[in-house]
Amino acid sequence: MASTRLHQLAEHLTIKQSSKHPLDPLDGREISAAVAVVRAEKGSLYFNTITLLEPRKKDMLRWLADTSSPRPARVADVIATTKAGQVHDIWVDLEKRSIIKAEVVDGIQPTLIVEEMLSVEEYVRKDPSVIEQCGIIGIAPENMDKVFCDPWTITHDPKYGTKVRAIQALLYYRPNHDDSQYTFPLDFFPIFDVNNKKVIDMEIPPVRRPISLAEPNNYHMPDIEREGGYRTDLKPINITQPEGVSFTIDGRTIRWQNWSIHVGFNYREGIVLNNITFYDKFEGKERPLFYRLSIAEMVVPYGNPDHPHHRKHAFDLGEYGAGNLTNSLSLGCDCKGAIHYMDAEFPTQAGGVKTIKNAICIHEEDAGILFKHTDFRDDSTIVTRGRKLIISQIFTAANYEYCIYWTFLQDGTVQLDVKLTGILNTTAMNPGEDLEGYGTEVYTGVNAHNHQHLFCLRVDPNIDGQNNTIFQSDAVCSPYPVGHEKNKWGNAFTAAKTKFKTVAEAQSDYDAKTSRTWDMANENKLNKHSKKPVSYKLVSRESPALMPKEGSLVWKRAGFARHTVQVTKYKDDQLHPAGRHVVQTSGDPSPGLPAWIAENPQENIENTDVVLWHTFGITHFATPEDFPIMPAEPITLLLRPRNFFEKNPCMDVPPSYNITPTQVKEGKKGCACAASKESVQV
Ligand code: ABN
Ligand code: CU
């Protein structure tokens, strides 16, 4: 869980016409002001989330076109609950200090928050039926303080629907306080009503699995020292930036190497990047690229069909929140170099403010070779090293860690890297038990079920303007047979571009055989040389198909993951592809993206304001190397300029070494270009 500093702020604060960027996250003062307004009108409520209601796009575009015009209003989007769990959806205008919308919403459950999560373990340990079940599998009542609980939402169970705020308590045991509990999973699942703080059901498997008697399998220092200690052959790598960083930050807008990026953050998506532009020196202007980029949702479906594992799938954003779960990052460990941090502020359930220090890390790294060429005739050479700007966060979703790196390159590429680390979700098994292919024994008595990590990237493109069109691009062989006059030798191939004209046509899947990519293009502007529309290409090769079958619970609830790419026409408030309130949804009908598509499948998406939704991730069959803690597994995707610039846009990055044919001929030395000021030996 993220370490947080709690502090209560004065309630009666006046927020003046804000000088903030309209997309800056709410700060502590604004959160406190929203709490005060809600309390004054609605009495005592618990606060679930308070976040920025992002300005309507038309208001935002109006302001961006003339930043001296009045700023869009700062509005807090508040979700609050009564003690009995009734949900209030409220918008507070922070300047007018008034409620502008208030609804009581039935039939939903809001995000599970940290205070609720922490309460589950406390109550479950004391519950007589849990103590009884622990006794049956070999845990004595006096050892209940060694029982730990990961509180998962029930996901969906028709037995509870959305009426009971039901948690499935995944239980584990720590023989000693410093042991990893994931080595000792318990075989039964208490169901906990988090509003009424009581165990309401007990799910007991037909075959019992007593607590494992295996040796602990740990990852902290004392255990590694017992196993022979740490390796001693590592020499220091120091990163120094003696003249500081090469980026500037104004408020939350970063400028670096022709890029301009506004960094937002919310409880749910974590990092949100807005108003991304690139200064193109050939055109002599800032060119818009993306209005908004975020990871908008994810689902982790597990593949064991036995009750209650059939239910196990986590929406770590929609159910818990990548912002809420974010880590406080530390220098030299999470990020290395000269770091600029941004904090995040969230409400507490009681209406206070908690600050997550260093929630976002911004830094530069060497990026290896940006480009190089050596002429084989004379060894005349140019080699230019690149660097990258990384905007990152790490969140902990109970057992797993997700490290998110939004990376900007000098050639105009946006690279998103997600690293998966942390600990496998483990379940109990008996010695020699046949796992039937649904899991792997990753350590004695530890079964790790097959699962997927499927993320939904939301791209709101702004490729030289809002009117964009999405094309699917496939490498295809010539239609002419070998020997045909147009394909005499049979080697011909081209890039087939399929234009998506309607929302229905745009539901498309990855195909490695055709090197499939997708172009976000502005057909109103052609590249000077290629005469093709200026575009950015989505290159994403880790795009597995959703394994749960059509009609299954996950297929219904996580409908966004049915396809690799889907496109909708932009609409304010269509931000969450599994729905605004994900907790305990049945998927009947499927909320979010499938519903928006079904509303108007024939809606035009050609040359208009569109949003591209992209499912990417991995299918994970765990092995012992993933245990007791997983070495980080990286996933990468790229948004690359294609036909966008008139030439390589980073030819002006100072080369690390440059020697011309004339210099070679005249026996002169090349240049380790002084402008780069980096130590290069030639
Ligand atoms: N991965 C499910 C989860 C996330 C956060 C807290 C509990 C459970
Ligand atoms: Cu995994």
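Among (1) at pLDDT 95 or above; (2) under 23 Å from residue 393 (Cα atoms); (3) not small (Gly, Ala, Ser), there is one condition residue 207 misses while meeting the rest; what is its number? Failed condition: (2). Listed by first and then second residue, the pairs linking a residue in the range 306-321 that is touching a residue at least 12 places away in the same chain (Cβ under 8 Å) to a residue that is of a type in the set (A, V, I, L, M) and in a helix (DSSP H, G or I), with Cβ atoms under 7 Å apart and 6 or more places separating them unless they lie on different chains, are 313/554. Of all residues in the range 605-613, at least one satisfies being surrounded by 19 or more Cβ atoms within 10 Å (Cβ to Cβ), in contact with an Asp or Glu (Cβ under 7 Å, 6 or more places away or on another chain), β-branched (Val, Ile, Thr) and modelled with pLDDT of 95 or more. Evaluating residue 634 against the criteria (1) over 16 Å from residue 459 (Cβ atoms); (2) crowded, with 16+ Cβ neighbours inside 10 Å leaves one unmet condition, (2). As a summary of the residue check, residue 455 satisfies the conditions (1) within 16 Å of ligand 1 (Cβ to nearest atom); (2) among the aromatic types (Phe, Trp, Tyr); (3) closer than 30 Å to residue 646 by Cβ except for the one numbered (3).
Selection of the range 347-357 for residues being crowded, with 21+ Cβ neighbours inside 10 Å and either part of a strand (DSSP E or B) or aliphatic (A, V, I, L, M) (or both) yields 347, 353, 356.
When 610, 653 are screened for being away from ligand 2 (no atom under 16 Å from the Cβ), of a type outside the set (Ser, Thr, Tyr) and within 30 Å of residue 314 (Cα to Cα), only 610 passes.
Yes or no, residue by residue, for (1) within 16 Å of ligand 1 (Cβ to nearest atom); (2) at pLDDT 95 or above; (3) under 16 Å from the mean Cα position of the chain (by Cα):
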| position | (1), (2), (3) |
| --- | --- |
| 284 | no, yes, no |
| 287 | no, yes, no |
| 293 | no, yes, yes |
| 300 | yes, yes, yes |
| 303 | yes, yes, no |
| 318 | yes, yes, yes |
| 326 | yes, yes, yes |
| 331 | no, no, no |
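Filtering the range 176-194 to residues that are surrounded by 18 or more Cβ atoms within 10 Å (Cβ to Cβ) and in a loop (DSSP other than H, G, I, E, B) leaves 179, 180, 184, 186, 187, 188, 194.
Among the numbered conditions (1) surrounded by fewer than 13 Cβ atoms within 10 Å (Cβ to Cβ); (2) touching a residue at least 24 places away in the same chain (Cβ under 8 Å); (3) outside any loop (DSSP other than H, G, I, E, B), tell me where residue 77 comes up short. Going through the list (1) surrounded by fewer than 13 Cβ atoms within 10 Å (Cβ to Cβ); (2) touching a residue at least 24 places away in the same chain (Cβ under 8 Å); (3) outside any loop (DSSP other than H, G, I, E, B), residue 77 breaks only (1). In the range 406-445, the residue that is nearest to ligand 2 (Cβ to nearest atom) out of those that are in contact with a Lys or Arg (Cβ under 6 Å, 6 or more places away or on another chain) and within 18 Å of residue 363 (Cα to Cα) is 407. Collect the residues in the range 367-405 that are more than 16 Å from ligand 2 (Cβ to nearest atom) and of a type in the set (D, E, K, R), keeping them in residue-number order. Hits for the range 367-405 are 372, 375, 377, 378, 379, 385, 387, 388. Out of the residues in the range 370-417 that are more than 16 Å from ligand 1 (Cβ to nearest atom) and at positive phi, which is surrounded by the most Cβ atoms within 10 Å (Cβ to Cβ)? Residue satisfying both the conditions and the ranking: 412.
Considering (1) away from ligand 2 (no atom under 16 Å from the Cβ); (2) crowded, with 23+ Cβ neighbours inside 10 Å, the lone condition that residue 448 does not fulfil carries the number (1).
Kindly check whether there is at least one residue in the range 612-619 that is within 16 Å of ligand 1 (Cβ to nearest atom) and touching a strand residue (DSSP E or B) at 6+ places or on another chain (Cβ under 9 Å). Yes, the range 612-619 contains at least one residue that is within 16 Å of ligand 1 (Cβ to nearest atom) and touching a strand residue (DSSP E or B) at 6+ places or on another chain (Cβ under 9 Å).
With farther than 18 Å from residue 257 by Cβ, of a type in the set (Phe, Trp, Tyr) and in contact (Cβ under 8 Å) with a residue 40 or more places away in the chain as the only criterion, which of 376, 395, 408, 371 stands out? Walk me through it before giving the result.
Values: 376 fails: in contact (Cβ under 8 Å) with a residue 40 or more places away in the chain; 408 fails: farther than 18 Å from residue 257 by Cβ; 371 fails: farther than 18 Å from residue 257 by Cβ.
Within the list 376, 395, 408, 371, the selection yields 395.
Looking only at residues of the range 451-485 that are within 22 Å of residue 518 (Cα to Cα) and of a type in the set (Phe, Trp, Tyr), we find that the one that is surrounded by the fewest Cβ atoms within 10 Å (Cβ to Cβ) is 471. The residues on offer are 250, 201, 233, and the sole one that is of a type in the set (D, E, K, R) and surrounded by 11 or more Cβ atoms within 10 Å (Cβ to Cβ) is 201.
The values are calculated or read from the model by the stated rules, or taken from the named source; none is laboratory data. Predicted model, so just to flag it, every value in this text is computed and none were measured. FYI the Cβ positions are ideal-geometry reconstructions off the backbone, even for glycines, and counts take in every protein chain you see.
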